[in-house]
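The values are calculated or read from the model by the stated rules, or taken from the named source; none is laboratory data. Here the structure is a predicted model, which is why all the values come from computation and not from measurement. All Cβ positions, even for glycine, are placed from backbone atoms using ideal geometry, and neighbour counts span all protein chains on display.
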Amino acid sequence: MEAVKYINTNRVINTFIDLLRINSPSFDERAIGAHLASILLRLGLEVTVQEYGESFNLIGYLRGSLRDVPTLILSAHMDTVEPTVGLNFSIEDGIIRTVGETVLGSDDKSGIAEIIEALEALSESKVPHGNLEVVFTSAEERGLQGSKNLDYHLLKGRHAIVMDTNGPIGKIVVAAPTHDTYVMAITGRAAHAGIEPEKGTSSIKAASRIIAAIPDGRIDAETTANVGKIHGGTANNIVPKETIVEGEVRGHNETVLEKTKETIFNTARKIARKNQVRITIEEKRQYKGFRFSIDDPLLALLGEAFSKSGIKPEHVITGGGSDANIFNASGIQAATLSSGMQKPHTTEEYIHTEDLYRGSVLVAGIIETFAKSASGEIR
Ligand SMILES: [Zn+2]
């Protein structure tokens, strides 16, 4: 491992801090994008800005000197959840943490910083490598909008690592669920609640009965369901005509997932009928799940890179989705790795500087391991 020796802890910390200082909530990634584009250009990458409706994705391409090595995609997302306004942080005892009422934004600025540090080390070490593609997406935190709107024709690579999960360096997400959402519109009949309530049919009452009856929470080890939003009614003196119930179902097993949805929707329709309200149900696939087989060549290669980098791999099955779900559904095999972020999406978010270092070592180690893999080994 040659490039790994050039990983510089202070440099990756500074890169990370520079990123923290640029506010980048979802759909407001212009400033961080410009900053990252200038870094990628300095490191010798060709940079493409791929615009879509509300934002853009940043794609960098670095031609390697080695042929016959598969192109490797390195990915992370530029946006963060909020609150971020007035973000302040402290560095103490090797921990960078948010101070005050904002998140830190290590989700996913730690992933970005580690990818950049690996490229810095690679450039300094002059170690030969294959073609590399950097994909910095936007609005990941708003339903994976960047990766969903990514123009996959622009990418040459078919294998990706996504530096975007929490916990110490070493985690590899080997399975993620399919995620479906639904909206139930329940329509009753309005009436004056004081004068002639008998003439009304309450959609809120019907919705309550539906919510009480449908399965939710943990359905089984691989399936979850939740009603997350409800709104209805207009005033205390009107029997409510319209109520909207929104929910989701996630599952690693496609058959159980479909069955769970069927139960939820059929139960809802039955109760609606009984309560003499109309119901329409619209469902939407947010993303498709994936699962690596245990003997997958990409997993084997990552395993080799982990051991060469002195990092113990831990295979995990997640209940959440990430850009990797969209990459995998779009023909790019993608594994999500931990970037070291801790307690993301909270105002207690932090990261160990040691994990910024280890994450960078890992990315550099994966690039070098890829470079040594013979063509055809991974497809
Ligand atoms: Zn993230």
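Selection of strands (runs of 3 or more DSSP E) fully inside the stretch 246-359 by the criterion of at least 2 residues being outside the structural domain of Ala113 (by TED's automatic domain parsing) returns 278-287. Between Glu92, Glu46, Glu54, the distinction of being free of Cβ contacts under 8 Å to residues at least 12 places away in the same chain and away from the ligand (no atom under 16 Å from the Cβ) belongs to Glu92 only. Per the conditions (1) within 14 Å of the ligand (Cβ to nearest atom); (2) modelled with pLDDT under 95, the sole criterion not satisfied by Leu66 is (1). Of the set (1) out of contact with any Asp or Glu (no Cβ under 9 Å at 6 or more places or on another chain); (2) farther than 21 Å from Ala176 by Cα, all apply to Asp216 but (2). It is to be established whether one or more residues within the stretch 230-249 are farther than 17 Å from Glu283 by Cβ and within 23 Å of the chain's Cα centre (by Cα). No: zero hits. Against the criterion of being buried (at least 17 other Cβ atoms within 10 Å of the Cβ), within 30 Å of Ala160 (Cα to Cα) and without any contact (Cβ under 8 Å) to a residue 60 or more places away in the chain, Ala221 does not qualify. For the stretch 174-199, the set of residues classified as closer than 20 Å to Asn275 by Cβ and not in a strand (DSSP E or B) consists of Gly188, Ala190, Ala191, Ala193, Glu196, Pro197, Glu198, Lys199, listed by residue number. You will find that of Thr84, Thr80, the residue that is among the polar types (S, T, N, Q) and over 25 Å from Val363 (Cα atoms) is Thr84 and no other.
Residue-wise test of (1) surrounded by fewer than 24 Cβ atoms within 10 Å (Cβ to Cβ); (2) over 22 Å from Glu46 (Cα atoms); (3) away from the ligand (no atom under 11 Å from the Cβ).
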residue	(1), (2), (3)
Gly105	no, yes, no
Ser110	no, yes, no
Ile115	no, no, yes
Glu120	yes, no, yes
Val135	no, no, yes
Leu144	yes, yes, no
Leu150	no, no, yes
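With the requirement that a residue be surrounded by 15 or more Cβ atoms within 10 Å (Cβ to Cβ) and either in contact with a helix residue (DSSP H, G or I) (Cβ under 9 Å, 6 or more places away or on another chain) or β-branched (Val, Ile, Thr) (or both), what does the stretch 297-314 give you? Result: Leu301, Leu302, Glu304, Ala305, Phe306, Lys308, Ser309, Ile311, Pro313.
Looking at the stretch 306-356 only, could you name the residues that are within 12 Å of the ligand (Cβ to nearest atom) and among the charged types (D, E, K, R)? Hits for the stretch 306-356 are Asp323, Glu349.
Check Ser373, Ser330 and return the single one that is touching a Pro at 6+ places or on another chain (Cβ under 8 Å), among the hydroxyl-bearing types (Ser, Thr, Tyr) and more than 17 Å from Lys171 (Cα to Cα).
Ser373
Number of residues in the stretch 1-46 that are assigned to a loop (DSSP other than H, G, I, E, B) and either modelled with pLDDT of 95 or more or of a type in the set (Asp, Glu) (or both): the value is 14. Taking the criterion of being crowded, with 23+ Cβ neighbours inside 10 Å, within 30 Å of Ala207 (Cβ to Cβ) and aromatic (Phe, Trp, Tyr), would at least one residue in the stretch 284-294 satisfy it? Yes, because at least one residue in the stretch 284-294 is crowded, with 23+ Cβ neighbours inside 10 Å, within 30 Å of Ala207 (Cβ to Cβ) and aromatic (Phe, Trp, Tyr).
So, Ala190, is that one touching a strand residue (DSSP E or B) at 6+ places or on another chain (Cβ under 9 Å), within 21 Å of Gly289 (Cα to Cα), hydrophobic (A, V, I, L, M, F, W, C) and crowded, with 17+ Cβ neighbours inside 10 Å or not? So Ala190 does not fit the description; no. Among the residues of the stretch 178-185, is there at least one that is more than 30 Å from Thr267 (Cβ to Cβ), within 22 Å of the chain's Cα centre (by Cα) and within 16 Å of the ligand (Cβ to nearest atom)? Among the residues of the stretch 178-185, not one is more than 30 Å from Thr267 (Cβ to Cβ), within 22 Å of the chain's Cα centre (by Cα) and within 16 Å of the ligand (Cβ to nearest atom), which makes the answer no. Scanning the stretch 360-379 for residues that are outside any helix (DSSP H, G or I) and among the polar types (S, T, N, Q), we see that the one that is modelled with the lowest pLDDT is Ser375. Only one entry in Gly331, Gly321 is over 30 Å from Thr201 (Cβ atoms), surrounded by 15 or more Cβ atoms within 10 Å (Cβ to Cβ) and under 19 Å from the mean Cα position of the chain (by Cα), namely Gly321.
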